[in-house]
Amino acid sequence: MKNLDDLAVFGGIPAFAEELHVGRPNIGDRQRLLARINEILDRRWLTNNGPNVQEFERQIADVARVKHCIATCNATVALEIAIRALGLTGEVIVPSMTFIATAHALQWQEITPVFCDIDPETYTIDPNRIEQMITPRTTGIIGVHLWSRPCDLESLAEIARRHNLKLLYDAAHSFACSYKGRMIGSFGDAEVFSFHATKFLNSLEGGAIVTNDDGLAAKTRLMRNFGFAGVDKVTHIGTNGKMDEMSAAMGLTSLESLDEFINTNYRNYKRYQCQLEKIPGVSLIIYNKAERNNYQYIILEIDETETLISRDQLALILYMENILVRRYFYPGCHRMEPYHSYYPHAGLVLPETEKLVQRVLCLPTGTTVSPADIGQICQIIQVVVEHGREVRERLEKSEHWGRFLTEPPDHDRGFQSDLQTSDQLRDKV
Ligand SMILES: Cc1ncc(COP(=O)(O)O)c(C=O)c1O
């Protein structure tokens, strides 16, 4: 791409003939997976704590160096079960800068999510703002290790201890990551991983509750399986949160390629970083090299005062090139329903969240994204930013921009409400 007329948004041919997705699933050794599936079919043990699920739980606990792992059908149900097992009620403090599932898991049980702002350095829940949000109804805090960067774990533990609050972590992004050398998974009262198809390590759909607390582990195990403590014996309220054998087979196969997935993500991250670092006004969020990380998110920050084009304008240009970037987690939970109707002015106490959701774009990575793809994506960003003012002027006159403003693309989780439909139709995960 040499000049602006080559951009698809101005009539050029899209850089990618096929859509390039952010969360295209990593798939491990197909033969190993098929062998496991055959075994499952031969065994006719498809679900209800089968051998693959048990082995998956052992291996997840091993990587996360935590005593108990309770595998679930997804992370949302894992959060719901953990919230209930911890006895959370009333109000729970959460960041708004998260995927909507964190808030929904509370509201689903008629617990009020109280949205707290993020720290402008780490983008995770700001411990300095939590205490002012605590009321007599507050029973807990849910920290989210956003984009696999851990929360300020010591400060949160101290606040929870001082106020006698339960502390749960949404670690959906943070499997195989560490904080000060200790693996994510054993902090707080419990943590929750996601193994959804868009995560770097997937079990098709899947999640897990991990904890060192024996009592909590026993309780969540019961709750995951309708409260059954034995044949014909229900001792607890429960739900159906079980992981099935096919998912566990996929999870185990993925685990065999764990290092390969992380190495690929790391190489992709370094490539993006190297090619974007000279472009003024754009930067990638940084990962602490001293820690283990899965590098599953390539998050581009756009400083519009330097690029002269906005994050949304860059997003549109990239969509038109078939690069389906995402605005994770625009517009923030507090601006989505039902929370926006409940607390229309929540944004007033969330200034850092409000700024961040306007500034970030998630770029494609994973094993399906090649070095050449990254080169092309970065080149487009470079051409666009080099001609920021001109691109903006031309774009604002174009029909594409008008359409984007009234009807943004429906594949972006933040743009629409029916996530499942969108996932099935557009994300092809
Ligand atoms: C921060 C966060 N929490 C929870 C979830 C829900 O995970 P699942 O799709 O496994 O239910 C996600 C999924 O993307 C997430 O990003």
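Shown here for the stretch 174-233: trypsin sites (Lys or Arg not before Pro) in loop regions (DSSP other than H, G, I, E, B) with at most 14 other Cβ atoms within 10 Å, namely K180. Could you work out which residue, out of A157, A290, A171, moves most in a Gaussian network model of the chain, that is, has the largest mean-square fluctuation with Cα springs under 10 Å? In the Gaussian network model the winner is A290.
Computed about the Cα centre, the dipole magnitude for the chain is approximately 860 debye when only Lys and Arg (+1) and Asp and Glu (-1) carry charge, each at its Cβ. Ranking G50, T124, G11 by how far each Cα lies toward the positive end of the dipole of the chain (charges on Cβ) leaves G50 at the top. For the stretch 125-255, the spread of Cα coordinates along the three principal axes comes to 45, 36, 22 Å, biggest extent given first.
Dipole magnitude for the stretch 240-367: computed about the Cα centre from +1 point charges on Lys and Arg Cβ and -1 point charges on Asp and Glu Cβ, it is near 160 debye. If only the Cβ of Lys and Arg carry +1 and only the Cβ of Asp and Glu carry -1, the dipole of the stretch 229-276 around its Cα centre is close to 320 debye. Are there GluC sites (Glu not before Pro) in the stretch 194-294 that DSSP marks as loop and that have at most 13 other Cβ atoms within 10 Å, and which are they? Passing sites in the stretch 194-294 are E277. Comparing N293, G238, A218 along the charge dipole axis of the chain, the residue lying farthest to the positive side is A218, per the Cβ-charge model.
Note that the chain presents 43 Å² accessible area per residue, ligands and nucleic acids not counted, probe 1.4 Å. Can you pull the percent of the stretch 83-191's accessible area that's carbon plus sulfur, 1.4 Å probe, other chains left in place? Its accessible area is 48 percent carbon and sulfur atoms.
Over the residues of the chain, the helix contribution to mean residue ellipticity at 222 nm works out to -11500 deg cm²/dmol, using -39500 (n - 2.57) for each DSSP H run of at least 4. Assuming R0 = 25 Å, can you tell me the calculated FRET efficiency for the pair Q31 and E260, based on Cβ-Cβ distance, to the nearest 0.05? Here the calculated transfer efficiency is 0.95.
Treating each Cα of the chain as an identical point scatterer and summing with the Debye formula, the log10 of I(q)/I(0) at q = 0.06, 0.07, 0.08 Å⁻¹ comes to -0.25, -0.34, -0.45. Rounded to the nearest 5, the antiparallel percentage of DSSP beta bridges internal to the chain is 55%. Short to long, the 10 Å bins of the Cα pair-distance histogram for the stretch 1-47 hold 20, 22, 19, 15, 14, 10 percent of all pairs.
Put simply, the amide H of T89, placed in the peptide plane, has neighbours under 5 Å in T139, leaving out anything fewer than 5 places away on its chain. In terms of its Cα atoms, the stretch 43-95 spans 45, 26, 18 Å along the principal axes, sorted from long to short.
Here the extension length gained between S155 and D62 equals 30.9 nm, from 0.36 nm per residue of separation less the Cα-Cα distance.
The values are calculated or read from the model by the stated rules, or taken from the named source; none is laboratory data. Please read these numbers as outputs of a predicted model, since none were measured by experiment. Note that we place each Cβ from the backbone using ideal geometry, even for glycine, and neighbour counts take in every protein chain shown. Keep in mind that these areas ignore ligands, DNA and RNA; they rest on the heavy atoms of the full protein, side chains included. Shrake-Rupley method; radii C 1.70, N 1.55, O 1.52, S 1.80 Å.
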